[in-house]
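One structure below.
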Amino acid sequence: GDSVTQMEGPVTLSEEAFLTINCTYTATGYPSLFWYVQYPGEGLQLLLKATKADDKGSNKGFEATYRKETTSFHLEKGSVQVSDSAVYFCALIESRVTGRRALTFGSGTRLQVQP
Amino acid sequence: KAGVTQTPRYLIKTRGQQVTLSCSPISGHRSVSWYQQTPGQGLQFLFEYFSETQRNKGNFPGRFSGRQFSNSRSEMNVSTLELGDSALYLCASSLVGTSGSYEQYFGPGTRLTVT
């Protein structure tokens, strides 16, 4: 079945540092890829998405590129802020082949940004 | 446009009882999915409803059920509660169209505690 693997956390960075959170996937067919963010006590917010190979999703300074050859969708940000402290989830949906509209999530990576 | 709303936000139940959770999707969204989030198992798909029909189901026992109404609002029910059902239950809505990306937008969740 489909699966998503994320790097273990927590990731602790100083403010203005560069962020990379690694994500790789295994999927049948042609998945769409997503990054979601969860702040304490809240639900998931869609951060960015990419629907086909070489697409780059971007939002709020975060970027991720859909790499089909390496089955990866790494999240990056050039300069993190304390307000970016949260848990980040990589996820996929593969519906075109399977007809199944269900997100498969990674285990999440906690980011802590120190001032 | 209002986001996904879930009620109640917090719930405490006793083992053996049953519970009903409610979800109102974003206006115009006809697909509603439910997920369970626990520290041990992470985010797991429960089921998806579209046009009042269950389209997909995750690997959960029959104690977990749901339904969708003609206005796209959805409820999920858990009968004979067990301690392991303590979790954050997240509802997500989606605009199912021709783009094929099926991004899902989440509500704040219902925190269920079973004692």
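The values are calculated or read from the model by the stated rules, or taken from the named source; none is laboratory data. Bear in mind that the values here come from a model prediction, so they are computed numbers and not experimental data. All Cβ positions, even for glycine, are placed from backbone atoms using ideal geometry, and neighbour counts span all protein chains on display. Side chains included, ligands, DNA and RNA excluded: accessible areas come from the protein's heavy atoms. Shrake-Rupley method; radii C 1.70, N 1.55, O 1.52, S 1.80 Å.
Once you put a point 7 Å from the Cα of A:TYR30 and another 7 Å from the Cα of A:SER107, both along the Cβ direction, what distance in nm separates them?
Output for this residue pair reads 3.2 nm.
If I take every Cα pair under 8 Å that is 6 or more residues apart in chain B, average their sequence separation and divide by the length, what percent do I get for the relative contact order?
With pairs under 8 Å counted, the relative contact order is 36 percent.
At a threshold of 8 angstrom on Cα-Cα distance, excluding pairs fewer than six apart, so keeping six or more, what relative contact order does chain A reach in percent?
Contact order relative to length: 37 percent.
Please compute P(r) over all alpha-carbon pairs of the protein assembly as shown, binned at 10 Å starting from zero, and give each bin as a whole-number percent.
8, 33, 35, 20, 4, 0
Roughly how many nanometres apart are two label points built 7 Å out from the Cα toward the Cβ at B:LYS57 and B:PHE69?
2.4 nm
Summing Lys, Arg as +1 and Asp, Glu as -1, what charge do residues with Cβ under 14 Å from the Cβ of A:GLN45 carry, A:GLN45 excluded?
Overall, the nearby charge balance is -1.
Mind checking the mean number of beta-carbon atoms from other chains within 10 Å of the Cβ atoms in B:103-111?
Taking the mean over all residues of the peptide, I get 5.
A:LYS56 versus B:THR14, label points 7 Å from Cα toward the beta carbon: distance in nm?
Going by the 7 Å Cα→Cβ label model, 5.9 nm.
If you count only protein heavy atoms and use a 1.4 Å probe, how large is the accessible surface of B:SER70, to the nearest 10 Å²?
Approximately 100 Å² of B:SER70 is accessible to the 1.4 Å probe.
How do B:HIS29, A:HIS74 stack up against each other in accessible area, from largest to smallest, with a 1.4 angstrom probe?
On the way: B:HIS29 20, A:HIS74 65 Å².
Putting B:HIS29, A:HIS74 in descending order of accessible area: A:HIS74, B:HIS29.
Hey, for a label at A:ARG67 modelled as a point 7 Å past Cα toward Cβ, could you say which residues of segment A:1-28 have their backbone N under 14 Å away?
What the label zone holds, given the 14 Å backbone N cut-off, is A:7, A:20-25.
Using only protein heavy atoms and a 1.4 Å probe, report how much of A:GLU16 is accessible, in Å² to the nearest 10.
130 Å²
If you project the alpha carbons of segment B:37-76 onto their three principal axes, what span does each projection cover, largest first, in Å?
Taking the Cα atoms of segment B:37-76, the three principal extents are 35, 16, 15 Å.
Using only Cα atoms, what Kirkwood radius does chain A have, in angstroms? Before the final figure, lay out each step's value.
Values: mean 1/r = 0.0704 Å⁻¹.
When all Cα pairs of chain A are included, the Kirkwood radius is 14.2 Å.
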